[in-house]
Protein chains: 6
Amino acid sequence: MRNDERKINSLRPVKITTNYITHPEGSVLIEVGNTKVICNASIEDRVPPFLRGQGKGWITAEYAMLPRATEQRNIRESSKGKVSGRTMEIQRLIGRALRSVVDLDSIGERTVWVDCDVIQADGGTRTASITGAFVAVVLAFGKLLEEKKIKHMPVTQFLAAVSVGVLPDNTEILDLNYEEDSQANVDMNIVMTGKHEFVEIQGTGEEATFTADQLQTMLNLAGEGIEELFAFQRESVGDLADRIGETIA
Amino acid sequence: MRNDERKINSLRPVKITTNYITHPEGSVLIEVGNTKVICNASIEDRVPPFLRGQGKGWITAEYAMLPRATEQRNIRESSKGKVSGRTMEIQRLIGRALRSVVDLDSIGERTVWVDCDVIQADGGTRTASITGAFVAVVLAFGKLLEEKKIKHMPVTQFLAAVSVGVLPDNTEILDLNYEEDSQANVDMNIVMTGKHEFVEIQGTGEEATFTADQLQTMLNLAGEGIEELFAFQRESVGDLADRIGETIA
Amino acid sequence: MRNDERKINSLRPVKITTNYITHPEGSVLIEVGNTKVICNASIEDRVPPFLRGQGKGWITAEYAMLPRATEQRNIRESSKGKVSGRTMEIQRLIGRALRSVVDLDSIGERTVWVDCDVIQADGGTRTASITGAFVAVVLAFGKLLEEKKIKHMPVTQFLAAVSVGVLPDNTEILDLNYEEDSQANVDMNIVMTGKHEFVEIQGTGEEATFTADQLQTMLNLAGEGIEELFAFQRESVGDLADRIGETIA
Amino acid sequence: MRNDERKINSLRPVKITTNYITHPEGSVLIEVGNTKVICNASIEDRVPPFLRGQGKGWITAEYAMLPRATEQRNIRESSKGKVSGRTMEIQRLIGRALRSVVDLDSIGERTVWVDCDVIQADGGTRTASITGAFVAVVLAFGKLLEEKKIKHMPVTQFLAAVSVGVLPDNTEILDLNYEEDSQANVDMNIVMTGKHEFVEIQGTGEEATFTADQLQTMLNLAGEGIEELFAFQRESVGDLADRIGETIA
Amino acid sequence: MRNDERKINSLRPVKITTNYITHPEGSVLIEVGNTKVICNASIEDRVPPFLRGQGKGWITAEYAMLPRATEQRNIRESSKGKVSGRTMEIQRLIGRALRSVVDLDSIGERTVWVDCDVIQADGGTRTASITGAFVAVVLAFGKLLEEKKIKHMPVTQFLAAVSVGVLPDNTEILDLNYEEDSQANVDMNIVMTGKHEFVEIQGTGEEATFTADQLQTMLNLAGEGIEELFAFQRESVGDLADRIGETIA
Amino acid sequence: MRNDERKINSLRPVKITTNYITHPEGSVLIEVGNTKVICNASIEDRVPPFLRGQGKGWITAEYAMLPRATEQRNIRESSKGKVSGRTMEIQRLIGRALRSVVDLDSIGERTVWVDCDVIQADGGTRTASITGAFVAVVLAFGKLLEEKKIKHMPVTQFLAAVSVGVLPDNTEILDLNYEEDSQANVDMNIVMTGKHEFVEIQGTGEEATFTADQLQTMLNLAGEGIEELFAFQRESVGDLADRIGETIA
């Protein structure tokens, strides 16, 4: 039995609130247990210099935490004057994952800025960010469709992420909360698409290693969890769900 | 009639949600019209170097906006690698204001970190931050009282802030929203205490000047508005309201 | 009686040396008591990006202190690699104040860089900077007039600044020196125009508050002091004084 | 057939030169095809603040490239004033991997600084860095053993890393060179121990996804490649190979 | 004949104003032609970390220019967030030169901060800084002597600096002004002691080279010029001149 | 007799390995005793902004050390976020020296980036960098000649550098190793051309001074040493040696 009485293959309660903030083209508050992340997708009508003149778009992500999202207050990265290695890793991961399911050629010279701001953290903030950001991006493109700035939904398939891990007693578990994450020997983040293919696997055993069998069990758990997340996403995006994949039809 | 149909001396709707986030000792979401600020107060059991060994405490504030809190997305200050002059001005103002109503000698060598994070902006973010932060600070001290770490509520009186201004047609108005603020000839922020005294007056006419009469009208409007804000604060802090001022009794 | 034997409504001795340095278009050394500030106004024939192509000009200010302008040596901001919040507040204030009395539409796409460098500090450095910078700016425009680059003096009215405050014994005083400033309960900086209107009021009571009556007394003292400062400025700018306001005639 | 005529499961030629530089406790030049990395391990007799007084050690890694290690010259990170996200990711990976096979409790309050400096890059610089750094660390500990500063070899097992990937024609390949890496749909870095367990799996499909079958094929290829790398490492560390694992005997 | 009608071996007019600013222990305004530098020496009662506990002192120098000291306005180094290579070179030179004539063992654990701030530049700012800083340092030590904090003047001999160069017509000249410096093929800065020995020679021919004969002529010119500078210094330090060298008597 | 048994006028063993790294247009490993520097010259087909449109080229240099090139590990400048004063001085010196022997007008709008990376340090790293960089630059221009992008070798004469110094026993010596450099009273770096003229003289006596006689002896020693270095360079550049000077023929 886990510290919050979940089964080893249970997600924490998931709640996705859409249109959370007024200004962004797509805005979502995603809650996964006590982890709460505001995911905003902003459309900008230009692309970074390395893409100019190619007629295609870009998606980039930024990630941050409020200083007191965690048990101990953290110093703001703006005060430190630089972004930490952990933050960079996470925002690169989010951007890469989202780009894998968007047909960037079909959105014109636009940048989608995805901002994931963790207001409360209890483990799994990067995977919740990806899962929530996917919804925000679909909603933002929904707005472009509505305004007839693009003709087809450029999102090619669903995308969600979850963490899995191995506890010191060798139990493999799904969706680690902060306490579990602190104890786990292995921590793995999996990003998958609606076609059950992998986009990203990041598994790390800092003070331990893991076997091929453990890897397989973790991948199976992740597959189950992500399937459930797709259902929450599908509900959140409403009718836009049916348009996903239309650019590649 | 104003752009949102308010009277010249009307505040926008105010809502203060307490215990908004789990981890901070005091946590508040304050909404003033469409302006929404998360105000968290965190207690740290030590003081900055310049105060060590003096047996007294400190309050400091930080302020930030989510990138898409505004109509146009702003670059994160962490990405720019430095905090803007505007941000510095605001966080210095918040800290100074709060320190004026806390008996720092009575809290021991503790620092109260006040984090004001604007998640949606529609004018008046600095004054909403002060008004909300006051509640967060009272709640944080309430927790210290409960844990018997301090004996008396160190807050000496109520404190709230509001903006006033002069429109191009020379009307003085209370609590400017973003559109009004953009048009106003004069923008003034007033911080007052429960004893109707001033803590801070910051009035600026960048493309205009203002007369002594206009100043007087603005001060009166501010006094009325702040009186209403005290009522919202009083309700939010509950029984702790009665303990305000007890260190100076 | 004050610590330097002045009356409560007396300014310290004021001296404005014009053409202090060779290169700048306008250069002034202003001395207010022991406070000494070099104010240089430089004309650059272009404007910042946000103004390009609009045919109008800009004024911006920078402020700094020599490391040993003060009793204790301060670390250079260039060595620290960043400008402090205090410096930013002051340079934003100086720029805003000057822009309020210059007709930026009439100077073409030019930037006036105002550099206020405090070589000796004894309180009131920001107000001395504004008062001196005004003269430097008038002289710089005088040079443009002489070179026939502009047709009219773009300065619309006189502008000066002074500090006022409240001592612990509740005496309101004019033009605080450093020792008075350190003791004062309230510190207020007032910027006014030749038409006796306010451009900026910044009043702060960090460890104290102030009443409406005290505010009124301080505003009156400031008005008197600024009137005297106008006389010094008028003398310094010579014949150019008569051209002030001609663009709005 | 691959662009350099290798088989899909062939490593490039590997060469490890030990004692490459004089000063470091352990120094290695590792060449994997045209990729050349200097890996230096330096022992410092103290630990970072968060570990002080606990009697245990730490390993940390830094990674950099000479500006012209690559086809196009890159701007130095020292000139840019900050370390890129890519560099941070890589150095965090190297440090984490090495810490997983060192018994930090047995080395006293010492830090091992591992510096991986790429002097020539042709793909796989991060995996070559890990493989080479392992040897440098063993040599550095060999020196501590020789000087009788520690009693047992604190390295618990062998550790090496290799890249695998999927080409656009869906061939899975081992040890990608730069040209292959640029074309590949999937890029995966695998770190394994001498016991054939995983320490780290990082697989990414930026413009593509990968199936469970492809993952399995890649993991098998990596296992084969890493086995060969262990042989090179074993030869390089000489007699010290037999002492690996002795702290856990 | 030179552009300012000087002879090839003539210094520009030199003027040293002592006690220029109130707060520093030693303060000097040195004018060499149109070059004007404020040189302040501040005594701090502690030394940098690398010297603590050794009972000896340290001298360090900082150098800066007002933005409009030059014909074109320069961006402040505090705004750029870093000190330029040129500034670093100059301040390292000034510090090194002064340390060569001060008996650091005899001043206790004190640091002398020397601040050279150029308020007007017309060539030779670094040599004027050294010549003026020497006087400021002697005056600062004079104050320590007066306060009986040290027993002997720790300055061991006089020290001054001058520039020499070669014009395009191959004339060697002394004390280049800005226009000469811009044209010169060779620019050399010489620092010498009262015993006619060299402390520093820095000669550079960016677009030209120089022969051994030219070098000799330049060294001779420098020797003559520095001899004159010693006379100005001697006059400025008054009776303290006689105490120079007493620690080595 | 010196600490490494050399005579006072002996260079350490010199070895120049050409084509050390694949990618750069010119690449050299220079070894002077135990000092080892990789010198890479990269040609970029554009010039810095201040030169654009003038049809001429530029040479700039950067210098760095591997963290453990020295006895004690140094913190990377990229981690510190800024380049040290020492590094700036050295890279400015290298660039200036190389520019003095290249006809920049004849290379079109190209920049030569010279990267000197010290992989092992034992004194004299800046002079070895200049001597090695000269060869790398000649080789890079050789490549441009081969590709017929330029018609004439733009290098006008040979250029090499060496250090000289004065030991505490007043012996003048050539080519100081690290231990000698640490003890020396005077440290001087000399850059000379194939025509035996000076490009740069930088002599410093931090804790000592030097006489005109000592200067002369050091200059003579340097001249002898540089003559030997020219022979090593001549051999390294092969047939290109004969083309040096052809633009000025």
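The values are calculated or read from the model by the stated rules, or taken from the named source; none is laboratory data. None of these values were measured; they are calculated from a predicted model. Methodologically, a virtual Cβ is constructed for each residue, glycine included, from the backbone with ideal geometry; neighbour enumeration extends over all protein chains shown. To get the accessible areas, we keep the full protein, side chains included, count just its heavy atoms, and leave off ligands, DNA and RNA. Shrake-Rupley method; radii C 1.70, N 1.55, O 1.52, S 1.80 Å.
Summary of computed values
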| read-out | value |
| --- | --- |
| Any hit, the stretch F:74-83, residues being open to solvent by 20 Å² or more (accessible area, probe 1.4 Å), under 30 Å from residue D:62 (Cβ atoms), among the charged types (D, E, K, R) and modelled with pLDDT of 95 or more | no |
| Those strands (runs of 3 or more DSSP E) lying entirely in the stretch D:145-249 with at least 2 residues within 20 Å of residue D:14 (Cα to Cα) and in contact with a Phe, Trp or Tyr (Cβ under 8 Å, 6 or more places away or on another chain) | D:159-166, D:186-193 |
| Residue in the stretch C:165-172 that is out of contact with any strand residue (DSSP E or B) (no Cβ under 7 Å at 6 or more places or on another chain), open to solvent by 10 Å² or more (accessible area, probe 1.4 Å), within 27 Å of residue C:4 (Cβ to Cβ) and within 14 Å of chain B (Cβ to nearest Cβ) present | yes |
| Hits in the stretch C:166-186 - residues which are on the phi > 0 side of the Ramachandran plot and touching an Asp or Glu at 6+ places or on another chain (Cβ under 9 Å) | none |
| Which numbered condition residue F:148 fails, given (1) on the phi > 0 side of the Ramachandran plot; (2) in contact with a helix residue (DSSP H, G or I) (Cβ under 8 Å, 6 or more places away or on another chain); (3) free of Cβ contacts under 8 Å to residues at least 40 places away in the same chain | (2) |
| For residue A:209: the one exception among (1) at the interface with another protein chain (Cβ under 10 Å from one of its Cβ atoms); (2) more than 30 Å from residue D:156 (Cα to Cα) | (2) |
| Strands (runs of 3 or more DSSP E) lying entirely in the stretch C:1-73 (those with 2 or more residues that are touching a Pro at 6+ places or on another chain (Cβ under 6 Å) and facing chain E (nearest Cβ under 10 Å)) | C:35-44 |
| Lone unmet requirement of (1) open to solvent by less than 10 Å² (accessible area, probe 1.4 Å); (2) within 14 Å of another protein chain (Cβ to nearest Cβ) for residue D:202 | (1) |
| Test for residue B:49: is it more than 22 Å from residue B:122 (Cα to Cα), free of Cβ contacts under 8 Å to residues at least 60 places away in the same chain and not charged (D, E, K, R) | yes |
| Boolean, residue C:224 is surrounded by fewer than 20 Cβ atoms within 10 Å (Cβ to Cβ), under 15 Å from the mean Cα position of the chain (by Cα) and either under 20 Å from residue C:122 (Cβ atoms) or among the acidic types (Asp, Glu) (or both) | no |
| Some residue of the stretch D:200-216 being of a type outside the set (Asp, Glu) and under 26 Å from residue D:17 (Cα atoms) | no |
| Every residue from the stretch F:199-249 that is among the small types (Gly, Ala, Ser) and within 26 Å of residue E:92 (Cα to Cα) | F:203, F:205, F:208, F:212, F:222 |
| Flag if residue D:59 is over 17 Å from residue F:75 (Cα atoms) and in contact with a helix residue (DSSP H, G or I) (Cβ under 9 Å, 6 or more places away or on another chain) | no |
| Matching residues in the stretch E:227-249 - criterion: being open to solvent by less than 40 Å² (accessible area, probe 1.4 Å), of a type outside the set (S, T, N, Q) and at pLDDT 95 or above | E:229, E:230, E:237, E:238, E:240, E:241, E:244 |
| Residue F:122 over 14 Å from the mean Cα position of the chain (by Cα), within 30 Å of residue D:112 (Cα to Cα) and either at pLDDT 95 or above or in a loop (DSSP other than H, G, I, E, B) (or both) | yes |
| Those residues of the stretch D:187-204 which are in contact (Cβ under 8 Å) with a residue 24 or more places away in the chain and on the phi < 0 side of the Ramachandran plot, in sequence order | D:187, D:188, D:189, D:190, D:191, D:192, D:193, D:194, D:195, D:199, D:200, D:202 |
| Selection from the stretch D:84-134 of residues that are closer than 30 Å to residue F:85 by Cα, open to solvent by 20 Å² or more (accessible area, probe 1.4 Å) and either among the β-branched types (Val, Ile, Thr) or within 9 Å of chain A (Cβ to nearest Cβ) (or both) | D:84, D:86, D:88, D:89, D:91, D:92 |
| Among (1) within 16 Å of residue C:160 (Cβ to Cβ); (2) surrounded by fewer than 18 Cβ atoms within 10 Å (Cβ to Cβ), the one test that residue C:61 misses | (2) |
| Sole exception among (1) in contact with a strand residue (DSSP E or B) (Cβ under 7 Å, 6 or more places away or on another chain); (2) more than 13 Å from every other protein chain (Cβ to nearest Cβ); (3) over 23 Å from residue D:97 (Cα atoms) for residue A:145, by number | (1) |
| Odd one out for residue A:142 among (1) closer than 29 Å to residue D:222 by Cβ; (2) in contact (Cβ under 8 Å) with a residue 12 or more places away in the chain; (3) more than 15 Å from the chain's Cα centre (by Cα); (4) surrounded by fewer than 24 Cβ atoms within 10 Å (Cβ to Cβ) | (1) |
